[in-house]
1. Just one of (1) open to solvent by 50 Å² or more (accessible area, probe 1.4 Å); (2) farther than 22 Å from residue 177 by Cβ trips up residue 36, so point out which.
2. Please work out if residue 131 is in contact with a Leu (Cβ under 9 Å, 6 or more places away or on another chain), within 26 Å of residue 52 (Cβ to Cβ) and of a type outside the set (Phe, Trp, Tyr).
3. Which one of 79, 31 is under 22 Å from residue 147 (Cβ atoms), open to solvent by 20 Å² or more (accessible area, probe 1.4 Å) and in contact with a Lys or Arg (Cβ under 8 Å, 6 or more places away or on another chain)?
4. Pull up region 98-133, narrow it to residues that are without any contact (Cβ under 8 Å) to a residue 40 or more places away in the chain and open to solvent by less than 30 Å² (accessible area, probe 1.4 Å), then point me to the one that is nearest to the chain's Cα centre (by Cα).
5. Identify all residues within region 134-171 that are open to solvent by less than 20 Å² (accessible area, probe 1.4 Å) and not hydroxyl-bearing (Ser, Thr, Tyr); write none if there are none.
6. Taking residue 49 as the residue in question, decide whether it is open to solvent by less than 50 Å² (accessible area, probe 1.4 Å) and farther than 18 Å from residue 154 by Cα.
7. So in region 60-111, with the set limited to residues that are out of contact with any Ser or Thr (no Cβ under 7 Å at 6 or more places or on another chain) and in a helix (DSSP H, G or I), which one is farthest from residue 39 (Cα to Cα)?
8. Can you name the residue in region 61-76 that is in contact with a strand residue (DSSP E or B) (Cβ under 8 Å, 6 or more places away or on another chain) and aliphatic (A, V, I, L, M) and, of all such residues, is most open to solvent (accessible area, probe 1.4 Å)?
Amino acid sequence: MGLKPDHWITRMAQEHRMIEPFVAEQVRDGVISYGVSSYGYDIRVADEFKIFTNVFSAVVDPKHFDPASMVDYQGPVCVIPPNSFALARTVEYFRIPREVLTLCVGKSTYARCGVIVNVTPFEPEWEGFVTLEISNTTPLPARIYAGEGIAQVIFFEADEVCRISYADKKGKYQKQQTIELPRL
């Protein structure tokens, strides 16, 4: 399994629509960086958020998630309350090739502020906008800037093609267009 470099990411985005929209260079001036990097792609967070609230004293249950525990917000800056989290989505739409698996890690600028980004792997033949979980681990409110970098996707190409891809098993988050809450 090999780690894929910038020129492979660029070719796959331009010739196979693996990432749309695609930024072929890293944008850094005055923003939290995004675009292609040496061995990854820095994704941007869109301006749509679902912010966790405990107004109704809900229990967080992945089998019975209560949508009332989230408040919808749209705007250029999202403030996540202390010790809380928000869900968001990427600006970019992904189409992962059958022989590829990705890992996604948060950007250091946010990590150094106590903001942690959690994203599960993009499985072979998964496609859609990525739902991001952004945790504010601090006792203070944290700002998240829409349209700027939030995490880096790293691409791994397998030595052999898998027998069953995400598309083959008709994964429940296939082709998601918006922020998706937990499903069974």
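1. All conditions pass for residue 36, except number (1).
2. yes
3. On inspection, the qualifying residue turns out to be 79.
4. Only one residue fits best here, namely 119.
5. 134, 136, 142, 144, 149, 150, 151, 153, 155, 171 - these are the residues of region 134-171 that are open to solvent by less than 20 Å² (accessible area, probe 1.4 Å) and not hydroxyl-bearing (Ser, Thr, Tyr).
6. Criteria met by residue 49.
7. 68
8. Ranking the qualifying residues of region 61-76, first place goes to 71.
The values are calculated or read from the model by the stated rules, or taken from the named source; none is laboratory data. Quantities reported herein were computed from a predicted structural model and do not represent experimental measurements. With ideal geometry, Cβ positions are generated from the backbone for all residues, glycine too; neighbour counts draw on all protein chains shown. Note: areas computed on protein heavy atoms with side chains; ligands, DNA, RNA excluded. Shrake-Rupley method; radii C 1.70, N 1.55, O 1.52, S 1.80 Å.
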